[in-house]
Amino acid sequence: MRLIGGLVIGLTMIVGGPATAQTFGPPITGMCLLSRVGAIGASRAGQSMQVQLRQLQASLSSELAQRRASLDVQRRALEGRQAAIAPIEFQRQLAGLSQQAQALEQQQNTRFIAAQTRAQQQVDRALNDALTRVITRSACSVVMERDNAYGWNNAMDITPATAREMDGVLQAVTIQ
């Protein structure tokens, strides 16, 4: 579950607040800037994805804790019978319980990553649809990643328009 926590924290940090930059010179006709992360973070679908991933993480963590508690009870019972069973049998059973615990954690991580991937695919499709419309409407000849620019003229930034357009394409993500 440590992996899941790291992924959610990483996504939360990426989808953080809006970028600010100094405004440089007049806008360049046909050049547009987009913050992909900013557009996703500002869209309802991106926010829905974050909420649902946090909920899924909490649910999976709770489920894993319950299953681990059951394995801990079995381990303690095994340790209580240690004197009554052969040392090699004790080690074999203890190793089996450890393997079960590792398998449970891997299964939960796999479930989370699969759900995260499906959600991200939904958001990416909405972003691509929205971006196509905004690029056409704004007559962009070239679109550059805004987050790598030191400064820009805000008239060239299509991030807010893309986020609004995404809201029209996809309101909420469905994680199954």
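Derivation of every value follows stated rules applied to the coordinates shown; laboratory data play no part. Owing to the predicted nature of the structure, the values given are computational and were not obtained by experimental measurement. Backbone-built Cβ (ideal geometry, glycine too); neighbour counts: all protein chains shown.
Using C-alpha pairs below 8 Å separated by at least 6 residues, the relative contact order for region 61-176 is 31 percent. On full extension, the segment bounded by GLN121 and ASN154 gains 9.0 nm, given 0.36 nm per residue less the C-alpha separation. Over the chain, DSSP H runs of length four or greater, each weighted -39,500 (n - 2.57), average out per residue to a 222 nm ellipticity of -24000 deg cm²/dmol.
Treating r as the C-beta distance of ALA172 and GLU79 and R0 as 45 Å, the FRET efficiency rounds to 0.40.
For the chain, a simple Cβ point-charge model (Lys and Arg +1, Asp and Glu -1, everything else neutral) yields a dipole of about 380 debye relative to the Cα centre. Considering only C-alpha atoms, what is the centroid distance from region 36-56 to region 146-176, in Å? For region 36-56 versus region 146-176, the Cα centre distance is 12 Å.
One decimal place: the segment ARG137-GLN66 gains 20.3 nm when fully extended, by the rule 0.36 nm per residue minus the C-alpha distance.
In this label model, ARG92 and GLN55 are separated by 4.6 nm, measuring between points 7 Å along each Cα→Cβ vector. Largest GNM mean-square fluctuation among ALA42, ALA103, ALA83, using the chain with Cα springs under 10 Å: ALA83.
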